[in-house]
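The values are calculated or read from the model by the stated rules, or taken from the named source; none is laboratory data. Only a predicted model underlies this, so the values are computations on that prediction, with no experimental measurement involved. Counting neighbours? That spans all protein chains shown, and the Cβs are built from the backbone with ideal geometry, glycine included. Areas reflect the complete protein model, heavy atoms only, side chains present, ligands, DNA and RNA absent. Shrake-Rupley method; radii C 1.70, N 1.55, O 1.52, S 1.80 Å.
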Amino acid sequence: MSELHKKTKEITELVFKSSRKAREETNAEPEPHLTQPITWPVECVVGPGLEGAIACESKIGYVNGLKGWLIYRGYDIFDLCAYSTYEEVSYLLLYGYLPTAVQLKAFKKNLIQCRNVPNTLRLLMSFSIEEMNPMAVLRLGTNLMRQEFTYIDRDGLVPKRGKVIGTDEDSIPMETVPRGEEHAIYEFKDSDPFKSKELSKFDLEPAIGYKSCYRLISGVATIAAAIVRIRQQKFPIDSDPELSHAANLIYMMTGKQPTPEEERIMDIALILHADHGINASTFAAMVVASTLSDMYFSVGSGIAALNGPLHGGANEQVLHMLREIGEVSNVKSWYKKSRKKKQKIMGFGHRVYKAYDPRARILRPLAKHLAKRNKESGRLFQVAKALEKEVISTLGVKKRIFPNVDFYSGIVYDSLGIPPEIFTPIFAVSRVSGWTSRIMEYLEKNRIFRPRAIYIGQFNKKYVSLEERTNKTR
Ligand code: CMC
């Protein structure tokens, strides 16, 4: 058991309690038909928004939405939160197994070395960051990191693309039945196609591969923390190599070393957000990577997709919503009005979960625990609890709508003194390990993503010249 886990036994107990409750409510049967290798092409029922579509096989994570399960590489999320750390979980996601002590030490060393992004921060500070959406800054930061660390755009340094073999996209009739190839349409001859001896003297790296994953896992955290500082008219703080990823994130944002309890809760929040199947941002990142773009652009796309209020942006909206409601006594009338206006309640509902989201199960007691520390957080937690009761007794019963991960995470971050506009960037800080792991896995058998739309437009329209065109000739 780590020193941190020894010092935060009360938090571990809260996780165990949630875990026991989850196990009582869900049984231990996997879904055999959804956990077996498939033969391509596969038949599945697809709804709008690609609901139900199977895009690839993966060994990284499993979400059973009916039972409320979340598994990373075979390990239950409750166990990972109780026993593990974000660094260990990132290694697990990337490599497929829990590291030995030696492997973990080396991995942490790599992450610590990758925390410093001096040129990226220097360039970022030339933008008016205070006026930009923090997610836009984060995305910009990944572009600047690409420039700082990789040779991808340097004239004369880019290795010949001859190292990429096998491209047969053009041989596939685009609008026909998928053939379901087993093999990659594009393949590299070796795992690092851009490796070249001349490059070592420039100290620059490829923009894909494990090093790019380490750079992004660490660097995005440094940039997120710098955004907080700069928005408060303060200088960014250098990382502390003695601190864990979670503790360092809090330290670089606030300038204060967190207590063991704060560090542990942040660590659990990071573990909980690290991966979640082919969600919108993971898919966005994978789509970009599947074109053989690079890790930095792919993660930038993930950040862009995560920003929306239907995805990662919901956590910030939840806090604003709870503040707007203000008091427990206002919950019923506020909820009635929102339902009348057919507004979506932020932090509720999920494409996959039709049961209580296990991440919310873990975050709820942690939010309650932290909320004891100050009156305002306590009040927000009480409002959240009352709202949850209203939603579950109505939408929960009728439509299987329950709190999702974003509902309680906002209260947790708020209690840790993190400004609301940074909640979604923190989601991104954590999800980088999921995005990069999924990309590394997908590239092993890459095939460019290319779904199709059903054309429901017209045919045989007569072209009308500009001179004769009117609204009627449309
Ligand atoms: N409040 C009220 N009604 C809801 C909600 C909600 N939060 N979520 C879904 N519904 C209703 C929706 O109105 C629809 O009803 P009807 O069938 O009568 O038209 C039905 O449930 C199905 O909803 P949907 O929008 O078609 O479901 P979806 O699978 O396309 O969307 C969702 C999933 C997460 C986008 C949606 O539940 C939502 O907008 N929730 C609020 C935003 C939110 O909390 N997002 C965070 C998601 S979890 C973390 C993450 O992915 O980042």
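The residues L70, L34, sorted by heavy-atom accessible surface at 1.4 Å with ligands and nucleic acids left out, run L34, L70 from largest to smallest. For W40, the solvent-accessible surface computed with a 1.4 Å probe is close to 70 Å², ligands and nucleic acids excluded. Could you tell me whether the range 1-64 comes out rounded, prolate or oblate from its Cα gyration tensor? Rule is a ≥ b ≥ c as square roots of the eigenvalues, rounded for a/c under 1.5, then prolate if a/b exceeds b/c, otherwise oblate. Taking the square roots of the gyration eigenvalues as a ≥ b ≥ c, the range 1-64 is prolate. Counting only protein heavy atoms and using a 1.4 Å probe, the accessible area of F149 comes to about 20 Å².
Using a 1.4 angstrom probe with every protein chain in place, what is the largest-first accessible-area order of C56, C81, C44?
On the way: C56 30, C81 0, C44 55 Å².
The ranking, largest first, comes out as C44, C56, C81.
Is the chain best put as rounded, prolate or oblate by its Cα gyration tensor, with a ≥ b ≥ c the root eigenvalues, rounded for a/c under 1.5, and otherwise prolate when a/b is larger than b/c, oblate when not?
Numbers: a/c = 1.44, a/b = 1.14, b/c = 1.25.
Because its axes are fairly even, with a/c under 1.5, the chain counts as rounded.
Checking every one of the GluC sites (Glu not before Pro) in the range 388-474 against DSSP loop status and a limit of 11 other Cβ atoms within 10 Å picks out E444, E467, E468.
With labels modelled as points extended 7 Å from the Cα through the Cβ direction, what inter-label distance (nm, one decimal) is found for Y83 paired with E13? According to this spin-label approximation, the distance is 2.1 nm.
The accessible area of H33, taken with all protein chains in place and a 1.4 Å probe, comes to roughly 140 Å².
How much net charge surrounds K385 when only other residues with a Cβ under 13 Å from its Cβ are counted (Lys, Arg +1; Asp, Glu -1)? Don't skip to the end; give the middle numbers.
Working: positive: R364, K368, R379, K389; negative: E327, E388, E390.
After counting each charged neighbour, the total is +1.
By how many nm would the segment from A55 to K340 lengthen if fully extended, with 0.36 nm per residue of separation less the alpha-carbon distance?
On the way: separation 285, 0.36 × 285 = 102.60 nm, distance 3.72 nm.
Full extension of this stretch gives 98.9 nm more.
Rounded, prolate or oblate: which one fits the range 2-145, using the alpha carbon gyration tensor with axes a ≥ b ≥ c (rounded when a/c is under 1.5, else prolate when a/b beats b/c, else oblate)? Provide the component values of the computation, followed by the final result.
Numbers: a/c = 1.90, a/b = 1.27, b/c = 1.49.
Note, shape of the range 2-145 comes out oblate.
You can think of it this way: the chain between Q458 and V45 has 146.0 nm of extra reach, that is 0.36 nm per residue less the Cα-Cα gap.
Mind checking the dipole of the range 290-355: about its Cα centre, +1 per Lys or Arg Cβ, -1 per Asp or Glu Cβ, Debye to the nearest 20? For the range 290-355, the charge dipole is close to 720 debye.
Across F402, F423, the residue with the most accessible area heads the list, and the full order at a 1.4 Å probe is F402, F423.
The mean sequence separation of alpha-carbon pairs under 8 Å and at least six residues apart, normalised by the residue count of the range 315-415, gives a relative contact order of 45 percent.
Working note: 222 nm ellipticity from helices only, DSSP H runs with n ≥ 4, each -39,500 (n - 2.57), summed and divided by the residues of the chain, gives -15500 deg cm²/dmol to the nearest 500. Model label points for H33 and Q233, set 7 angstrom from Cα along the Cα-to-Cβ axis, are 6.2 nm apart.
All C-alpha to C-alpha distances of the range 315-415, sorted into 10 Å bins beginning at zero, yield P(r) values of 17, 53, 28, 2 percent in whole numbers.
What share of the DSSP beta bridges in the chain is antiparallel, in percent to the nearest 5? It would help to have the intermediate numbers written out before the result.
Numbers: 9 of 10 bridges.
If we restrict to bridges inside the chain, about 90 percent are antiparallel.
Using alpha carbons only, how many angstrom separate the centre of the range 390-431 from the centre of the range 268-322? Taking the Cα centre of the range 268-322 as reference, the centre of the range 390-431 is 15 Å away. If R0 equals 30 Å, the separation of the Cβ atoms of T26 and R379 corresponds to a calculated FRET efficiency of about 0.40.
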